[in-house]
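The values are calculated or read from the model by the stated rules, or taken from the named source; none is laboratory data. Values in this document were obtained by computation on a predicted structure and should not be read as measured data. FYI the Cβ positions are ideal-geometry reconstructions off the backbone, even for glycines, and counts take in every protein chain you see. Surface accessibility is based on the protein's heavy atoms, side chains included, excluding ligands, DNA and RNA. Shrake-Rupley method; radii C 1.70, N 1.55, O 1.52, S 1.80 Å.
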Amino acid sequence: MTYLLGAVLLCGAAGAAAAPGTAAPLASAAASAPSRPATVPVKRLLPELALEDRNGRLAGTASLRRSTPWVLLVVDANRPQTQGTLARLELQEGWGDGVSIIALGSEMAFQAMVQRHARLRGVQWFRDSGGTMKALRLPGLPAALGIDGEGAVEWQSLGLPANGGKAQSLLSTWLNGNKR
């Protein structure tokens, strides 16, 4: 069952995403439009997470927080699809300090992913030390979460649009404060 849900969610990564806060609840969005990532408005505090920074030092949720809206991407470093997801987000100018990426998977896969996507300048990289998916209540990956300046999860989207411009727009809309 978990694998079937994961397959449905991965199929959702091929379509266009709705603007944050405008989509139907996850269950109905996944059932009615499996080709679109489901962006679900949520309001909860970002839980404590067990993380390691890119140098292998222990880090927690406090390492992620910012005083302005930011995006948290959660991906699986061991999956080939992750490379395509991150490639769609590469911008020449980088994201500044508005995006943090948590990767599940082995240390070797994590380091290879960080090296491969060095063009994602300004991104903070973290590796999951265990329990991130459960703590964030994520039924699948990749996932994007919009976090406000007070540490509350405002929305989450499972999958990202296959079109790079639409994927960038989803994140930029939130980062630039143009919440709709």
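A few notes on this one:
- Residue check for R127: surrounded by 14 or more Cβ atoms within 10 Å (Cβ to Cβ), more than 18 Å from T173 (Cβ to Cβ) and either at pLDDT 90 or above or among the acidic types (D, E) (or both): yes
- For S32, the requirement of being at pLDDT 65 or above and hydroxyl-bearing (S, T, Y) is not met.
- Listed by first and then second residue, the pairs with beta-carbon distance under 7 Å, at least 6 apart or on different chains, first residue in region 131-153 and closer than 17 Å to L86 by Cβ, second among the polar types (S, T, N, Q), are P142/T82; P142/T85; A143/Q156; A143/S157; A144/Q156; A144/S157; L145/Q156.
- The requirement of being under 22 Å from K134 (Cβ atoms) and in contact (Cβ under 8 Å) with a residue 40 or more places away in the chain is not satisfied by A109.
- Out of A152, A144, A135, sole residue that is of a type in the set (A, V, I, L, M, F, W, C), surrounded by fewer than 22 Cβ atoms within 10 Å (Cβ to Cβ) and touching a Pro at 6+ places or on another chain (Cβ under 9 Å): A135
- For region 46-123, the strands (runs of 3 or more DSSP E) that sit wholly inside it and include 1 or more residues that are surrounded by 14 or more Cβ atoms within 10 Å (Cβ to Cβ) and either of a type in the set (V, I, T) or touching a Pro at 6+ places or on another chain (Cβ under 6 Å) (or both) are 70-76, 99-104.
- Applying the criterion of being part of a loop (DSSP other than H, G, I, E, B) and open to solvent by 30 Å² or more (accessible area, probe 1.4 Å) to the residues of region 155-180, the residue that is modelled with the highest pLDDT is N176.
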